[in-house]
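Q: I'd like to ask you about the structure that follows.
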Amino acid sequence: MFVIIVYDTDKKNCARLHKQLKKYLFWNQNSVFEGTVTQAQHKEIRHILKKEMVESSHIIIYSMENDKLVTKEELGQNQDNPRNII
């Protein structure tokens, strides 16, 4: 399953969410993560986000069966976030 997670949260909570999401997904941009996960990992991520979010948080989870269904176009300069590490 291909997942994109976008979040807007309190500045103090941002680092906690970032740290948790980095365990499963690639950091794409400020407050944006993406990657392929299993159904079990998807469930874990949702549980973590519900537990870690504060009242003012807004989190959007986009889920697709696979990354072949997504067209991605990037404009501007990449922030040097590595996507594949060999």
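The values are calculated or read from the model by the stated rules, or taken from the named source; none is laboratory data. Since this is a predicted model, take the numbers as computed values, not measurements. Positions of Cβ are backbone-derived with ideal geometry, glycine not excepted, and every protein chain shown enters the neighbour counts.
Q: Collect the residues in the stretch 57-79 that are in contact (Cβ under 8 Å) with a residue 40 or more places away in the chain and of a type in the set (A, V, I, L, M, F, W, C), keeping them in residue-number order.
A: Ile59, Ile60, Ile61, Met64, Leu69, Val70
Q: Still on this structure: Mind counting the residues in the stretch 42-56 that are in contact (Cβ under 8 Å) with a residue 40 or more places away in the chain, surrounded by 15 or more Cβ atoms within 10 Å (Cβ to Cβ) and more than 13 Å from Ile5 (Cα to Cα)?
A: 1
Q: If you don't mind, there's one more thing I want to ask. Regarding the stretch 64-74, can at least one residue be identified that is at pLDDT 85 or above and of a type in the set (A, V, I, L, M, F, W, C)?
A: Yes, because at least one residue in the stretch 64-74 is at pLDDT 85 or above and of a type in the set (A, V, I, L, M, F, W, C).
Q: From the list Gln20, Gln77, Gln29, Gln39, which one is surrounded by fewer than 10 Cβ atoms within 10 Å (Cβ to Cβ) and at pLDDT 85 or above?
A: Gln39
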